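See below for the structure under consideration.
Please treat every number below as a calculation from the coordinates, not as lab data. All values derive from a computational prediction rather than experimental measurement. Methodologically, a virtual Cβ is constructed for each residue, glycine included, from the backbone with ideal geometry; neighbour enumeration extends over all protein chains shown.
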Amino acid sequence: MATTSPVFLRLMANAVAVANHAGNIIREVMSKGDLGIVEKGVNDPQTEADRRAQQCIIGNFNKKFPLMSVIGEEDLAQETDTELVSDIDKEVLNLKCPEDLVNVTEEDFVVWVDPLDGTAEYTEGMLDHVTVLIGIAHKNRPVGGVIHQPYYNYKNDKAGLGRTLWGIPGVGVGGFNPVAPPEGKRLVVTTRSHMTPVVQQALDSLKPDEILRVGGAGYKVMLLMEGKATAYVFASPGCKKWDTCAPEAILTAMGGRLTDIHGDPYSYASTEMHPNRRGVLAAAKSDDHKWFVENIPDAVKQLVKS
Ligand code: AMP
Ligand code: MG
Ligand code: MG
């Protein structure tokens, strides 16, 4: 019964349902045609979909878990009238809770929310790059992650639109089938809209067989999860905690790793600064991750440190 389930499982099961609802909002804003774009900074757009999706996610968590810290990307005025999402994902609710989380109460979780990751791509019509990211941290570490991809299958009329992927380290993953990257190839995925000379220098030094340039941290990590790329390399401080918390949880649950480019993990405590100032390095196989940590040159590492 829902009321007797551990808080963590209720939180994850709600995160799946609320992420799905945020996906409906994202599609609705696009179909109405007025994106309401505001520039938050250089090359950092926000749309009506980012705003409304965040209001929905944070409003729901605040009502259902009022003592929990929830940190969202968008800086919004207090929301007063959130539509409550009444459903909850039964499959996730019925998972076996990791032992160390069974008795953790809501005030000891921190939730990092990117209501729409890949906003630049959303405004440019690269819709499969768009994701909703909800990451749950406990004692500084990601313990659960949900990635919803609202436009999955959007080019294929016959298949269902959208999907939701989740992962819990020590428990497993759902919503997709993990696939290993091709052996003997170095396929590196990186930013398409936030290139810098240092990002390029890091890529050049790794001598990849192929560089994939796609939007969003969520979508890049999905390429790792489904064997389309070997590593995600971003030697720049632009990515934030809400970009990496959910992807890190899912990658870890399937045996991968996400760290800074020095190979050190980020802390997801509520008091942490938002930017991932030491860059992002992720791989679905921990051996690949190790290779990339060892092969990113010191000169690049020196340029990307806090
Ligand atoms: P990208 O790989 O460029 O799609 O970025 C992944 C995530 O990090 C997105 O949420 C971006 O908005 C964010 N990001 C990366 N670099 C920057 C930057 N220079 N300014 C603002 N946001 C950035
Ligand atoms: Mg983002
Ligand atoms: Mg965003």
Multiplying the sequence separation of S286 and M273 by 0.36 nm and subtracting their Cα-Cα distance, what value in nm do you get? 2.0 nm
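Report the local net charge at V92: Lys and Arg +1, Asp and Glu -1, summed over other residues whose C-beta lies under 15 Å from its C-beta.
For residues surrounding V92, the net value is +2.
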Shape call, the stretch 71-201: gyration tensor on alpha carbons, a/c limit 1.5: rounded
Distance in nm between label sites at L76 and D264, each 7 Å beyond Cα in the beta-carbon direction? 3.4 nm
Using alpha-carbon pairs under 8 Å, 6+ residues apart, how would you state the relative contact order of the chain in percent? 17 percent
On a 0 to 90° scale, report how tilted helix 197-206 is relative to the longest principal axis of the chain, with both axes built from alpha carbons and the result rounded to the nearest 10. 70 degrees
Nearest 10 degrees, 0 to 90: helix 48-64 Cα axis against the chain principal axis: 60 degrees
In the stretch 117-185, what trypsin sites (Lys or Arg not before Pro) fall in a loop by DSSP, with at most 14 other Cβ atoms inside 10 Å? K139, K155, K158, K185
Just need the relative contact order of the stretch 153-211 here, percent rounded to a whole number, with Cα pairs under 8 Å and 6+ apart. 25 percent
What number, in percent, do you get for the relative contact order of the stretch 60-112 if the mean sequence gap of Cα pairs under 8 Å and at least 6 apart is divided by its residue count? 63 percent
In terms of the alpha carbon gyration tensor, root eigenvalues a ≥ b ≥ c, rounded if a/c is under 1.5 and otherwise prolate when a/b exceeds b/c or oblate, the stretch 18-146 is prolate
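Could you give the length gained by full extension between E210 and A159, i.e. 0.36 nm per residue of separation minus their alpha carbon distance, to one decimal place? Walk me through the intermediate numbers first.
Details: separation 51, 0.36 × 51 = 18.36 nm, distance 2.95 nm.
Between E210 and A159, full extension yields 15.4 nm more.
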Which residue, V102, V92, V18, tops the fluctuation ranking in a GNM of the chain built on C-alpha contacts under 10 Å? V102
Two pseudo-spin positions, 7 Å from Cα along C-beta at N94 and at M195, lie apart in nanometres by 4.9 nm
If you average the C-alpha positions of the stretch 37-54 and of the stretch 266-293 separately, how far apart do those two centres end up, in angstrom? 25 Å
Residues of the stretch 192-215 with the amide nitrogen closer than 15 Å to a label point 7 Å from the Cα of E124, along Cα-to-Cβ, please. 192-196, 212-215
